[in-house]
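Notes to accompany the following structure.
The values are calculated or read from the model by the stated rules, or taken from the named source; none is laboratory data. None of these values were measured; they are calculated from a predicted model. All Cβ positions, even for glycine, are placed from backbone atoms using ideal geometry, and neighbour counts span all protein chains on display. Quick note on the areas: whole protein, heavy atoms, side chains included, nothing else; ligands and nucleic acids left out. Shrake-Rupley method; radii C 1.70, N 1.55, O 1.52, S 1.80 Å.
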Amino acid sequence: MNFKRKKFEEELVKKVFFLFAFLSVITTFGIIFILIFETISFFKEVSIIRFFTEKEWTPLFVIKKFGIWPLLSGTFLTSFIALLIAFPMGIFISIFISEYLPPKLKGIIKSLLEILAGIPTVVYGYFALLYVTPILKKIIPQISGFNSLSPGIVLGIMIIPTIASMSEDAFSLVPMSLREASYALGASKLETSLKVILPAASSGVISSVILGFSRAIGETMIVTIAAGQRPILTLNPFVPIETITAYIVQVSLGDTPAGSLEYKTIFAVGMVLFVITLIFNILSHNLRMKFIKSFRI
């Protein structure tokens, strides 16, 4: 009797888990289908050549321009600034946690670090606008109230836990025998960390950096609040810009009629964003799998 009951419970749990997984897959495919359908509808009215060759983005103006490059330049500019902040800090923090902290403190410090990842991004956005930008204006008087430098710095702070946590995981997978061999040759802990552990875990570290960069590209609230809404093709971090995500928020506020050409632009730029982040995520996943296989015992 107990055996039949346990078997029934196992089958029930298995079906419930399958239902949740099925719903997740169906939802994902539904989102992708709508994105593709609306994007095709947009490109029936606007040439794809025009989309990728024009240098201005003004679909909400009387004279409409549909060049995606101003939004792409704003997106990549803030993300690269974020990477300049997060990459060195994330790597040094992960080395410190992995190689220098006692085992009992590792879990505590790592948990505290990951709390940063749980802070709502709207908080980061107002932190960039109300605190970081005024400080930058004292250092760089010509910087605009809305710019890409301030949200880029805060984006970097936001993705530090992602890079640090995943890099620390990569360091912990490096076999202890490599450390012992390095110490036996007379290397210090710092030399072992930088010249043995870091190169050995390079695939996992690069994977964490790519994933952090991908998260910065897809971030919405920080750039919407602090970067401005001025889509211009520039690499100047001191002037207002607009990112893809900020533009989607701008159109989605309700002033643009649903079904209009202006409304369909959010699906076209959303598709570009989806493809970019998908490529980075696949690249990050493949590098991570390659790293795990290289040290699988």
- Item | Range of Cα positions in segment 220-266 per principal axis (Å), largest first | 35, 20, 13
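What's the extension gain from Thr58 to Ile140 if we count 0.36 nm per residue and subtract their Cα-Cα distance?
Details: separation 82, 0.36 × 82 = 29.52 nm, distance 2.95 nm.
Additional length available on full extension: 26.6 nm.
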- Most fluctuating residue given options Thr220, Thr256, Thr28, as computed from a GNM of the chain linking Cα atoms under 10 Å: Thr28
- Where in segment 215-241 does the label zone of Met89 land, with the point 7 angstrom along Cα→C-beta and an amide N cut-off under 20 Å? 215-227, 237-238
- Message: Accessible area of the chain with a 1.4 Å probe: how many percent of it is carbon plus sulfur?
- Response: 72
- Going toward the positive end of the dipole of segment 139-258, with +1 on Lys and Arg Cβ and -1 on Asp and Glu Cβ, which of Ser208, Val239, Ser177 do you reach last? Ser177
- Query: Most mobile of Pro231, Pro59, Pro151 per a Gaussian network model of the chain (Cα springs, under 10 Å)?
  - Reply: Pro59
- For n ≥ 4 DSSP H runs only, could you compute -39500 (n - 2.57) per run for the chain, divide by its residues and tell me the 222 nm figure to the nearest 500? -23000 deg cm²/dmol
- Considering every pair of different Cα atoms, what Kirkwood radius, in Å, is found for the chain? 21.9
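Among the listed pairs Lys14/Lys290; Lys44/Lys64; Lys106/Lys189; Lys195/Lys293, which are separated by more than 26 Å between their Cα atoms?
On the way: Lys14/Lys290 31 Å; Lys44/Lys64 16 Å; Lys106/Lys189 17 Å; Lys195/Lys293 21 Å.
Table pairs above 26 Å Cα-Cα are Lys14/Lys290.
Select from segment 57-97 those chymotrypsin sites (Phe, Trp or Tyr not before Pro) which occupy a DSSP coil region and have at most 13 other Cβ atoms within 10 Å, ordered by residue number. Show your work: numbers first, answer last.
Numbers: sites: Trp57, Phe61, Phe66, Phe76, Phe80, Phe92, Phe96; in loops: Phe61.
Filter output for segment 57-97: Phe61.
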- Message: How large are Rg and Dmax for segment 89-147 when calculated on the C-alpha trace, in angstrom?
- Response: 16.6, 48
- Task: Measure nothing fancy, just the Cα-based angle from helix 261-294's long axis to the longest principal axis of the chain, in degrees from 0 to 90, nearest 10.
- Result: 10
- Query: How high is the FRET efficiency from Phe18 to Asp255, r the C-beta distance, R0 45 Å, rounded to 0.05?
  - Reply: 0.55
